[in-house]
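Okay, structure first, notes after.
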Amino acid sequence: MPALFPPWTNVVARASLIAAVVLVVGVPAALMAWVRAPNATRRYEPVAQPIAFDHRVHVVGEHIDCRYCHFSVERSSTAGIPPTSTCVPCHSQTLLGSSTFAPVRRSMEANTPLQWKRVTSLPGFVYFNHAIHVNKGVGCESCHGRVDQMATVYQAAPLTMGWCLSCHRYPAAFVRPRAEVTAMGYAPRQPQRVIGARLVREYHVRRLTNCTTCHR
Amino acid sequence: MSAAARPLVEQPPDREPWPVMRGEHPAAALTDHLLAPLWRSSPTWWLLFGLSSLGTLLLLFTVTYTVARGIGVWGNNIPVAWAFAITNFVWWIGIGHAGTFISAFLILLNQRWRGSINRVAEAMTIFALVNAALFPLLHLGRPWFFYWLIPYPATMGVWPNFKSALPWDVAAVTTYFTVSLLFWFLGLVPDLASARDRAPSRLKRLVYGVFAMGWRGSGFQWQRYRVAYVLLAALATPLVISVHSVVSLDFSIAQLPGWHSTIFPPYFVVGAIYSGLAMVFVLLLPLRRAFGLYDIVTEAHLSAMAKLMLAMGLMLAYSYVVEIFMSWYSADFAEQYTYLTARPAGPYAIAYWIMTVLNVVTPQLFWVRRFRTSTRVLFLASIGILVGMWMERFIIIVTSLNRDFLTSSWHIYMPTWVDWGILAGSLGLFGFLFLLFVRFVPSVAISEVKELSIELGRDGAELAGAAGDA
């Protein structure tokens with residue numbers, strides 16, 4: 001009777017041991033890496049808007065403050081999307097007549113808002129309020145990134161719960177003076193540990209890590 | 001088939017001490033006899049397999065229904081947040097304890113009789129754990145997030161609450177399952193090699209050959225094997241104590257009269273081994289008859305296990321008495337109310353008295369030698385104890401919860417058909433797995449039984465050996 005298992009099966013046996021280790025260690029590790037990858041968190045994915053709006057031109061070129069368009073950020077849970085009438089007064093008739101501005105024109109004529117696409121989207125089970133963050137000294141760029149350098153706006157932060165908690169646990173490492181909230185490329189004039197500790201005292205910033213802070 | 005012919009006749013119990021093995025059993029005949037169930041089936045097996053498959057389908061259906069509709073289809077509701085699911089969990093995991101107790105404790109204590117029954121007990125442990133694990137997962141409500149129970153660096157930036165007994169539970173049960181599975185498989189390797197060598201078809205030879213992992217039975221392999229086996233036994237032994245202790249902490253760290261008690265860990269471990277031994281009897285006695293194991297599983301085994309069961313039953317009865325005494329001695333109204341009024345005379349008094357009678361009175365039968373070896377008495381008593389132990393967990397959970405601190409919150413828990421379906425289905429799954437086990441895996445540790453037959457001089461080799469020497 002020939003041998004039940006020819007010699008090459010030894011290789012298979014050893015390889016399957018290695019494969020088992022890879023499976024047990026590698027697959028969970030790969031999954032854990034994947035959920036952090038920009039592809040999984042939808043980071044850096046430019047979101048096409050109904051009109052090719054360029055933040056660079058407006059923020060860097062014209063020095064327009066974020067709050068000129070996102071008008072309700074200091075008072076409301078949402079930052080506010082500007083109505084079409086916000087765009088029109090600044091732009092010349094010639095530019096408004098160009099094909100690029102066709103959606104704006106149509107919006108004006110039909111009196112319907114432009115259908116902007118949401119870029120930074122939190123799940124429905126997360127309660128988020130812009131006003132409290134801005135008023136406690138959290139800069140726009142801390143979450144939204146360098147919007148002044150984005151041709152098409154993309155989600156800059158991973159938006160994982162761990163990312164939220166990194167600030168909620170140690171707010172002193174991130175807060176800035178209220179006057180600097182909309183500044184892009186902000187650098188603290190004193191070391192952050194000094195300025196952070198002072199602002200946390202001044203603005204009564206608390207470590208809010210209770211589940212019900214965000215999940216209500 | 002000399003070994004096959006003899007054991008079919010049940011020997012009348014004669015006198016103690018009973019032999020651990022009866023008759024003359026040459027090694028080859030033993031191997032043939034004990035491997036025979038792997039090569040042929042029987043109508044009884046098919047009938048039981050069909051029934052247990054139906055049970056498994058019922059489980060599949062009720063679990064799917066639960067997951068699809070949410071656990072609102074169960075009867076539990078605040079304040080009775082834990083009901084059938086946790087009762088079944090504790091019951092199954094308790095049953096799982098006898099396997100390791102018999103395998104690991106007894107090997108370290110050098111009890112030779114364990115060799116004939118340890119395989120069944122270990123298989124029972126694993127299948128009971130599979131069932132047990134099902135219930136807390138379903139009880140999560142969103143079982144697809146079960147991995148949140150495991151401590152791993154999550155993107156949520158939070159860890160399981162290490163101060164809660166529930167993550168300890170996960171650690172204890174997964175450790176126990178891993179060690180039990182390894183221990184069971186390690187014990188199987190030489191027998192799988194025997195199956196490989198005797199399998200009638202090439203496919204079967206290949207399958208058993210893969211699982212035998214190249215076992216040749218050389219002296220070197222045996223030496224390493226023995227070391228590994230005893231080491232694993234030593235590793236598994238503390239788990240018998242720790243796992244159910246941790247399960248009991250799920251209850252006792254809560255400040256609830258009926259749960260908040262320091263006696264819980266030993267009380268739960270004793271109950272676990274008690275119910276596990278009962279389940280071993282329920283499985284072993286029919287198996288002994290079906291596979292003709294009377295020479296290998298003798299009155300010595302039955303009697304020894306019955307004595308163990310009596311000892312566990314007495315310790316459990318002691319725990320019941322201490323619980324009641326302590327509630328009175330505490331002079332605390334809530335404690336006294338739970339133990340002295342709500343349980344014996346409350347809405348679930350019937351379950352309480354069934355529990356007390358079945359768990360405390362039944363084992364007293366085993367003071368009598370005749371009952372310790374009577375398969376009928378053992379089987380019925382074991383079923384009684386299993387029912388009693390299920391009632392015990394039900395009483396601990398439901399009667400402690402249903403009378404909340406405010407009388408306005410009192411609530412009578414009643415199981416729904418889904419609760420019953422899952423319980424019945426889990427029994428079906430258990431039977432399903434066990435029947436597959438006896439059909440495809442040697443259900444007696446052949447190598448250990450052969451070793452025993454040689455040690456006892458019952459291998460019929462004396463004459464042959466003498467002839468060879470001459």
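General observations
- Here r is the Cβ-Cβ distance between residue A:33 and residue B:158 and R0 is 22 Å; the resulting FRET efficiency, rounded to 0.05, is 0.70.
- Separation of region B:292-353 from region B:400-454 is 19 Å, based on Cα centroids.
- If the chain linking residue B:182 and residue B:67 were pulled fully straight, counting 0.36 nm for each residue of separation and taking away their Cα-Cα distance, it would gain 38.3 nm.
- Inter-label distance for residue A:19 and residue B:414, nm, one decimal - labels placed 7 Å from Cα along Cα-to-Cβ: 5.5 nm
- Of the trypsin sites (Lys or Arg not before Pro) found in region B:36-142, those in coil by DSSP whose Cβ has at most 11 other Cβ atoms within 10 Å are B:40.
- Ranked packing of A:63-75, B:233-245, B:156-168, most packed first, by mean Cβ within 10 Å: B:233-245, A:63-75, B:156-168
- Label-zone membership for region A:85-108, site residue A:64, 7 angstrom Cα→C-beta point, backbone N under 17 Å: A:85-98, A:100-108
- Averaged over residues, the count of other Cβ atoms within 10 Å places the peptides B:25-36, A:99-110 in the sequence B:25-36, A:99-110, highest first.
- Each Lys and Arg contributes +1 and each Asp and Glu -1, all at the Cβ; summed about the Cα centre of the protein assembly as shown, the dipole is approximately 1320 debye.
- Of the DSSP H helices in chain B, those whose Cα atoms cover at least 27 Å axially and whose Kyte score averages -0.5 or more: B:43-69, B:118-139, B:165-198, B:219-252, B:264-290, B:299-329, B:375-394, B:417-440
- Straight-distance candidates among the lysines for linking to residue B:204, with alpha-carbon spacing under 26 Å and chain neighbours fewer than 8 residues away dropped: B:450.
- Rounded if a/c under 1.5, otherwise prolate or oblate - the protein assembly as shown, Cα gyration tensor axes: prolate
- Taking a ≥ b ≥ c as the square roots of the eigenvalues of the Cα gyration tensor, an a/c ratio of 1.5 or more together with a/b larger than b/c marks chain B as prolate.
Here, each number is a calculation from the coordinates, and none is a lab measurement. Note that this is a predicted model, so its numbers are computed, not measured. Quick reminder, even Gly has a Cβ in these numbers, built from the backbone with ideal geometry, and neighbours come from all protein chains shown.
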